[in-house]
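Below: one structure, written as structure tokens.
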Amino acid sequence: MAKAEIKERLFRWVAVPALAGVLALLAVLQYKWSGQVSEATKAQMQSNLQVSLMGFRQDFARELGSAGMEMRSAFDPSAAVNPAQFTEQFQHWQQTAPHPNLVEHIYVWQDPSHEQPLRFDPGQDKLERTAWPAEFDSLQQHLQEFSAFSALHSLDRGPGGRDATPGRQRPPRSHDHDRFRASDHSSGRRGGPARNRPDFVAPWAVDQSIPAMAYPVRHVDRSGTREITWLVIQLNRNVLEKEIFPELAQKYFRGQYGLDYHVAVRDSDKAGEHVIYASDAGFGGDDNQQMDASLNLFGPPLGRSGPDVAPEIFATFRPSATDRSAQANGPERLPRLEVFLHSGDQGMWQVAAKHKSGSVEAAVSGLRRRNLMASFGVLVLLGVTMALILMASQRARRLARLQMDFVTGVSHELRTPLAVISSAAENIAHGVVEDKQHLVRYGNTIVKQTRQLTQLVEQVLQFAATQQAPRNNHSGPVNLSGVVDAALEGTAAMAAAAGFTVERSIEPDLPPVSGDFSGLVQSLQNLITNAVKYGGESRWLRVAAMAVKGKGQIREITLSVQDKGIGISKEEIHQIFEPFYRSPAVAESGIHGTGLGLPLARKIVEAMGGRLTAESEMGKGSLFTIHLQVAGPRAVAEQEHAADPHAGAEPDFSS
């Protein structure tokens, strides 16, 4: 076995499986890595979602707190409310607030036990006493409970700053006063006088059913009694639903092509989920709808609820070091918003989000599928490219081998006639041949070998021409009987010298075919030459032309060459029309050839719109068939007119 063949087999059985294994390993690793990337992406998306929800909550608290902080500094709790000052402070807040219509009404309740609250109407810019609206019943009850609790704590202390209970010492009353004292700060009005506010920020109590915020402003009178003035800010629900919530959703959940998440603000109470705001119609109304994440807008961020906002939460509240630091650094500190849950009849406002893909997990899964499709597509493309490279390399090696065989065959075919011509010419030149009969014989030999050499060179040139550009055939109606006669006449000498019996079978009344006369003669001669070369011991061939009919009409005309020679194997029958190809068995048998005859014949026939097929069986011979189309009536008429231009013309009687 040749080394080249051994290397080719090693490459085929070792390198190809190794490359396939590498591709499979890359696919497995890609699948594993995509899973890890998906988990990291999911965790990152969930973390970003929590950050967005927290930002939504903080900005919402900042929006409400700005109104509360401004109005809390609008009055001195130890003195009567100044309507002009209150109105001026509110107008200043409206000028600087992004949503000036957020506040619907403001209530100031200085004596919860005996007086009705003062209500500030932003539309009329005035304070007037009015009864509590019906929806404030729950809030009013909470405020009265806290006022009663505060008064009870005030009665527990005796004069001088000591508890009435013997044996118990309490800090001096001035400490209580310091704890709730009012410190000077800017009122927010340009050029206005300083206002008093507590030195810490107590929590704002939120009643979500109204909605409203309540804040206790406490002071100690001269008799040492602690008094409370309630500041209640009623919020405009329409502004919350139509302005603030949509803006916050766009700010924290907007992607490249709009909102990445469905966002809803829901009120969750005993009756179920009630949608306050939804970024998309129909979202958030289903109680069983699974959300990717949710966060409380008031109270503790997570969980169903926090501790009840009872009076104790205000009485026991003391500022931490962080509170004092934030208070000293400026008014940007977020207010603490707690929810009234003491009566248990209120729900929790929650902001909830769900990815538009169905869930964060579904979005990550879809992203992973797309990444896997892209990755596997690249791997498939890589595999196809590798396969094409391997096929191209195999074809290149095979073509190189065929070209070497072609060069060897052509060299041998050229060497034989050249050697004969050279020998005959030398004998004539050196006077070896003097007899006239011998001279004629030598001359015929030279002419024969020259013709064979010319045919070989012409065949090579014709093949080269067909490879560079399509063959330009002058197609027209052709009579096959003339083609067969011309081809047999051109190969008669070769067939006679080989001792072949040639049968000619032409079906009568065959219509003309569409083709080129010289091209058909050349193709048929190539087939007859191959039949003579590979005809074997039978030394017989048959040339036939017949019509193939279908549904009573002639579909095509076939021109075939049949022999009873050595035949062609099934493995090689599809390769015989490839340029330069010669069967190893034929090459070893010493039969000369170039491997260009059949490819050239096929090129010529296909250029005419026909086709060339082959049927063969080892040891029984071969059948090569040229399939041609029937020439149309118009083409036949044009040919007849060209042959006899006066046919059909009117006679001239002028002479």
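Can V16 be described as loosely packed, with under 15 Cβ neighbours inside 10 Å, touching a residue at least 60 places away in the same chain (Cβ under 8 Å) and part of a helix (DSSP H, G or I)? Judged against the criteria, V16 is a match. Among the residues of region 74-101, which ones are modelled with pLDDT of 80 or more and not in a helix (DSSP H, G or I)? Once the filter is applied, which keeps residues that are modelled with pLDDT of 80 or more and not in a helix (DSSP H, G or I), region 74-101 yields A97, P98, H99, P100, N101.
Go through G499, G490, G443 for me and flag whichever is modelled with pLDDT of 75 or more and either part of a loop (DSSP other than H, G, I, E, B) or among the basic types (K, R) (or both). Talk me through it step by step, then tell me what you get.
Details: G490 fails: either part of a loop (DSSP other than H, G, I, E, B) or among the basic types (K, R) (or both); G443 fails: either part of a loop (DSSP other than H, G, I, E, B) or among the basic types (K, R) (or both).
None of the other options fit; the residue is G499.
Considering only residues that are on the phi > 0 side of the Ramachandran plot and without any contact (Cβ under 8 Å) to a residue 24 or more places away in the chain, which ones fall in region 552-576? The answer is G552, and nothing else.
Taking the residues in region 348-403 that are of a type in the set (S, T, N, Q) and open to solvent by less than 40 Å² (accessible area, probe 1.4 Å) as candidates, determine which candidate is farthest from the chain's Cα centre (by Cα). Among them, the one singled out is Q350. Taking the residues in region 537-571 that are open to solvent by less than 30 Å² (accessible area, probe 1.4 Å) and touching a Lys or Arg at 6+ places or on another chain (Cβ under 7 Å) as candidates, determine which candidate is modelled with the lowest pLDDT. The extreme case among them is G567.
Right, P579: of a type outside the set (D, E, K, R), modelled with pLDDT under 85 and buried (at least 18 other Cβ atoms within 10 Å of the Cβ) or not? Answer is yes for this residue.
Looking only at residues of region 275-289 that are at pLDDT 85 or above and more than 27 Å from the chain's Cα centre (by Cα), we find that the one that is farthest from N238 (Cα to Cα) is F283.
Closer than 30 Å to L29 by Cβ, open to solvent by less than 60 Å² (accessible area, probe 1.4 Å) and modelled with pLDDT of 80 or more: is that true of A425 in this structure?
On the way: closer than 30 Å to L29 by Cβ: no; open to solvent by less than 60 Å² (accessible area, probe 1.4 Å): yes; modelled with pLDDT of 80 or more: yes.
No; evaluated as a whole, the condition is false for this residue.
Filtering A271, A310 for residues that are among the hydrophobic types (A, V, I, L, M, F, W, C), modelled with pLDDT under 85 and open to solvent by 20 Å² or more (accessible area, probe 1.4 Å) leaves a single hit, A271.
Checking the conditions here, which among L53, L23, L29 is in contact (Cβ under 8 Å) with a residue 40 or more places away in the chain, over 30 Å from V239 (Cα atoms) and not charged (D, E, K, R)? Break it down stepwise before answering.
Working: L53 fails: over 30 Å from V239 (Cα atoms); L29 fails: in contact (Cβ under 8 Å) with a residue 40 or more places away in the chain.
L23 is the lone residue from the list that is in contact (Cβ under 8 Å) with a residue 40 or more places away in the chain, over 30 Å from V239 (Cα atoms) and not charged (D, E, K, R).
Within region 526-550, residues that are more than 20 Å from L480 (Cβ to Cβ) and without any contact (Cβ under 8 Å) to a residue 60 or more places away in the chain sit with their Cβ atoms under 8 Å from residues that are open to solvent by less than 20 Å² (accessible area, probe 1.4 Å) and in a helix (DSSP H, G or I), at 6+ positions apart or across chains, in these pairs: V532/T491; V532/A495.
In region 394-415, the count of residues that are modelled with pLDDT of 80 or more and of a type in the set (D, E) is zero. When residues in region 535-560 are screened for being assigned to a strand (DSSP E or B) and in contact with a strand residue (DSSP E or B) (Cβ under 8 Å, 6 or more places away or on another chain), 17 of them pass. Candidates are the residues of region 622-632 that are out of contact with any helix residue (DSSP H, G or I) (no Cβ under 9 Å at 6 or more places or on another chain) and open to solvent by less than 40 Å² (accessible area, probe 1.4 Å); the one that is modelled with the highest pLDDT is T625. In region 21-39, is there at least one residue being in a helix (DSSP H, G or I), surrounded by 12 or more Cβ atoms within 10 Å (Cβ to Cβ), modelled with pLDDT under 85 and in contact with a helix residue (DSSP H, G or I) (Cβ under 8 Å, 6 or more places away or on another chain)? No, every residue in region 21-39 fails to be in a helix (DSSP H, G or I), surrounded by 12 or more Cβ atoms within 10 Å (Cβ to Cβ), modelled with pLDDT under 85 and in contact with a helix residue (DSSP H, G or I) (Cβ under 8 Å, 6 or more places away or on another chain).
The values are calculated or read from the model by the stated rules, or taken from the named source; none is laboratory data. None of the values given here were measured: they were computed from a predicted structure. Positions of Cβ are backbone-derived with ideal geometry, glycine not excepted, and every protein chain shown enters the neighbour counts. Ligands, DNA and RNA are stripped out before the accessible areas are found, and what is left, the full protein with its side chains, is counted by its heavy atoms. Shrake-Rupley method; radii C 1.70, N 1.55, O 1.52, S 1.80 Å.
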